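Asker: Have a look at the structure that comes next, please.
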Amino acid sequence: MTRTATLTFAGRTVELPVVDGSEGELAVDISRLRAETGLITLDPGFGDTGACQSAITYIDGEKGILRYRGIPIDQLAEHSTFVEATWLLIYGRLPGRAELDHFNGRLTRHAPLHEAFRHHFEGFPVDAPPMAMLSAMINTLACFSTRYVEMSPEEVDEEAARLLSKVRTIAAYSYRRSMGLPFNYPDPKLSYVANFLHMMFSMPYAQHEASPEVVRALDQILLLHADHEQNCSTSTVRVVGSSRANLFASCAAGVGALWGPLHGGANLAVLEMLEEIHAGGMTAEQALERAKDKHSGFRLMGFGHRVYKNFDPRAVILKRAADRVLGQLGVADPLLDVARRLEERALEDRYFVERKLYPNVDFYSGILLRAMGIPTGMFTVMFAIGRMPGWIAHWREQHGEAGGRIARPRQVYTGPRETAYVPIERR
């Protein structure tokens with residue numbers, strides 16, 4: 001028997017269906033609420049509103065759980081790769097060897113950009129924000145495709161591989177443009193991550209060769225960011241996609257949402273905080289004391305998380321990666337020293353421990369990216385590369401649903417009531 005929730009309003013009672021999730025979560029289906037009662041719900045920020053049913057990612061913030069298609073994130077981070085996790089998210093299962101090899105081949109084949117893209121990049125100022133270039137160029141990809149309107153499942157697969165592969169090339173070219181450096185062609189002999197680092201840092205006279213530890217750490221960063229349920233940018237991709245907008249337009253909109261400092265700029269905010277601490281001559285202990293003072297105006301970035309009320313499972317993985325990579329690189333950077341000291345002291349401080357304000361994924365990803373030589377202006381771009389599989393998976397899931405409706409939220413109007421127009425000569 002279907003369970004229901006009872007709503008009583010103005011002497012009238014209605015029964016609303018209760019929907020069960022596979023992990024025990026419950027939701028009240030209010031799709032008929034307005035038709036039956038004249039009421040709508042009001043939930044600013046949509047923190048208690050389910051906009052869809054999805055089989056892609058599961059999060060339990062209270063227990064610190066993150067799973068892609070049912071597989072715990074720590075198992076994927078230890079045994080899998082970004083490319084394999086991408087397949088998992090998009091297709092709902094782990095690939096066989098032949099399938100993974102074919103997918104890798106697709107990514108390698110689609111890595112180069114059409115030569116006309118050079119002219120598009122040259123039209124940007126050298127100091128253009130990389131996220132602006134990334135969004136514009138993802139939309140531009142639709143101009144080089146004849147299959148972006150109505151696509152068969154096979155064509156969707158091909159276009160998804162094109163986008164996944166070319167997004168790293170666009171990102172690398174955006175960086176090279178901002179630095180006034182020549183563009184590097186993709187190297188088909190290199191893996192997904194190593195190829196990106198080559199396009200970022202190689203010079204015509206010197207091939208960049210990243211260490212296996214760095215490649216692995218960056219692969220983990222991308223894997224850990226590949227999807228995170230209905231966050232702001234993923235919800236944006238779904239809202240735009242609900243109009244049957246093509247894959248490129250929908251994901252370009254996701255880039256725009258991710259660009260916001262409250263979403264994708266968190267790891268950049270960590271580095272800015274570390275610079276403030278270092279420039280101000282503060283010790284880690286002084287910084288923590290200022291963070292406790294509500295009147296100081298100083299906020300400790302990279303600690304705690306809106307979703308995870310215990311610990312961020314991704315942060316546990318990246319902490320190990322940071323310990324491993326920083327030791328291997330031997331980078332001499334005062335900001336990294338500040339970060340390590342801040343981490344040590346916060347984990348020993350009762351105030352932060354009792355409030356479960358542990359370092360989150362943004363804290364460690366910012367440290368790692370800086371140690372790898374990724375400039376801070378590219379941090380959010382790295383986030384976008386990592387999140388692309390999740391955006392594609394959600395767009396594909398949404399477009400596979402029968403009878404999908406265009407997103408059209410309601411509002412509670414609070415403006416003036418009907419007011420007569422006054423001619424200008426009487427005002």
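Asker: Residues in the stretch 72-85 that are under 26 Å from Gly241 (Cβ atoms) and either assigned by TED's automatic domain parsing to the domain that holds Lys356 or in contact (Cβ under 8 Å) with a residue 40 or more places away in the chain (or both): how many? Give the steps one after another, and end with the answer.
Answerer: If we filter the stretch 72-85 for residues that are under 26 Å from Gly241 (Cβ atoms), which is where we start, we get 73, 76, 82-85.
This time we only want the ones that are either assigned by TED's automatic domain parsing to the domain that holds Lys356 or in contact (Cβ under 8 Å) with a residue 40 or more places away in the chain (or both), so: 73, 76, 82-83, 85.
Adding up the residues that qualify gives 5.
Asker: While we're here: Of the numbered conditions (1) under 26 Å from the mean Cα position of the chain (by Cα); (2) assigned to a helix (DSSP H, G or I), Arg118 fails exactly one; give the number of that condition.
Answerer: All conditions are met except number (1).
Asker: Go through the residues of the stretch 325-332 one by one and say whether even a single one is part of a helix (DSSP H, G or I), farther than 26 Å from Leu134 by Cβ and either at pLDDT 90 or above or of a type in the set (Val, Ile, Thr) (or both).
Answerer: No - not one qualifying residue is present in the stretch 325-332.
Asker: Turning to a different aspect of this structure: Could you list, in sequence order, the residues of the stretch 158-178 that are surrounded by fewer than 22 Cβ atoms within 10 Å (Cβ to Cβ) and either free of Cβ contacts under 8 Å to residues at least 40 places away in the same chain or not in a helix (DSSP H, G or I) (or both)?
Answerer: Passing the criteria: only Arg176.
Asker: May I ask you to list pairs of residues, at least six apart or on different chains, whose Cβ atoms are under 6 Å apart, with the first in the stretch 260-278 being within 17 Å of Ala315 (Cβ to Cβ) and the second being of a type in the set (A, V, I, L, M, F, W, C) and not in a helix (DSSP H, G or I)?
Answerer: Ala269/Met301; Val270/Met301; Met273/Met301
Asker: Inside the stretch 390-417, can you point out the residues that are without any contact (Cβ under 8 Å) to a residue 24 or more places away in the chain, surrounded by 10 or more Cβ atoms within 10 Å (Cβ to Cβ) and not small (Gly, Ala, Ser)? Steps first, please.
Answerer: Start the filter on the stretch 390-417 by keeping residues that are without any contact (Cβ under 8 Å) to a residue 24 or more places away in the chain, which leaves 400-403, 408-409, 411, 413-417.
When the remaining residues are screened for being surrounded by 10 or more Cβ atoms within 10 Å (Cβ to Cβ), the result is 400-401, 409.
Those that are without any contact (Cβ under 8 Å) to a residue 24 or more places away in the chain, surrounded by 10 or more Cβ atoms within 10 Å (Cβ to Cβ) and not small (Gly, Ala, Ser): Glu401, Pro409.
Asker: Mind listing just one residue for me: the one in the stretch 117-139 that is of a type outside the set (A, V, I, L, M, F, W, C) and touching a residue at least 60 places away in the same chain (Cβ under 8 Å) and, of those, nearest to Phe379 (Cα to Cα)?
Answerer: First, pick out the residues of the stretch 117-139 that are of a type outside the set (A, V, I, L, M, F, W, C): 118-120, 122-123, 125, 127, 129-130, 135, 139.
Within this subset, residues satisfying the condition of being touching a residue at least 60 places away in the same chain (Cβ under 8 Å) are 118, 129-130, 135, 139.
Values: Arg118: 23, Pro129: 11, Pro130: 10, Ser135: 15, Asn139: 21 Å.
Ranking the qualifying residues of the stretch 117-139, first place goes to Pro130.
Asker: I would also like to ask the following. Is it true that some residue in the stretch 304-314 is of a type outside the set (Val, Ile, Thr), assigned to a helix (DSSP H, G or I), surrounded by fewer than 24 Cβ atoms within 10 Å (Cβ to Cβ) and not assigned by TED's automatic domain parsing to the domain that holds Leu222?
Answerer: There is at least one residue in the stretch 304-314 that is of a type outside the set (Val, Ile, Thr), assigned to a helix (DSSP H, G or I), surrounded by fewer than 24 Cβ atoms within 10 Å (Cβ to Cβ) and not assigned by TED's automatic domain parsing to the domain that holds Leu222.
Asker: Here is a further query. Tell me yes or no: at least one residue of the stretch 86-101 is within 16 Å of Cys251 (Cα to Cα), assigned by TED's automatic domain parsing to the domain that holds Arg244 and assigned to a loop (DSSP other than H, G, I, E, B).
Answerer: no
Asker: Right, next: Going by what's in this entry, would Arg69 be described as basic (Lys, Arg), at negative phi and either surrounded by fewer than 12 Cβ atoms within 10 Å (Cβ to Cβ) or in contact with a helix residue (DSSP H, G or I) (Cβ under 9 Å, 6 or more places away or on another chain) (or both)?
Answerer: It is false that Arg69 is basic (Lys, Arg), at negative phi and either surrounded by fewer than 12 Cβ atoms within 10 Å (Cβ to Cβ) or in contact with a helix residue (DSSP H, G or I) (Cβ under 9 Å, 6 or more places away or on another chain) (or both).
Asker: Still on this model: Quick check, is Gly50 farther than 21 Å from Ala393 by Cβ, of a type in the set (Gly, Ala, Ser) and not assigned by TED's automatic domain parsing to the domain that holds Phe383?
Answerer: Working: farther than 21 Å from Ala393 by Cβ: no; of a type in the set (Gly, Ala, Ser): yes; not assigned by TED's automatic domain parsing to the domain that holds Phe383: yes.
No; evaluated as a whole, the condition is false for this residue.
Asker: Can you pull out the residues in the stretch 48-71 that are hydroxyl-bearing (Ser, Thr, Tyr) and over 17 Å from Leu223 (Cα atoms)? Walk me through how you get there before you give the answer.
Answerer: Narrowing the stretch 48-71 to residues hydroxyl-bearing (Ser, Thr, Tyr): 49, 54, 57-58, 68.
Scanning the stretch 48-71 gives Thr49, Ser54.
The values are calculated or read from the model by the stated rules, or taken from the named source; none is laboratory data. Bear in mind that the values here come from a model prediction, so they are computed numbers and not experimental data. We place every Cβ from the backbone using ideal geometry, glycine too, and count neighbours over all the protein chains shown.
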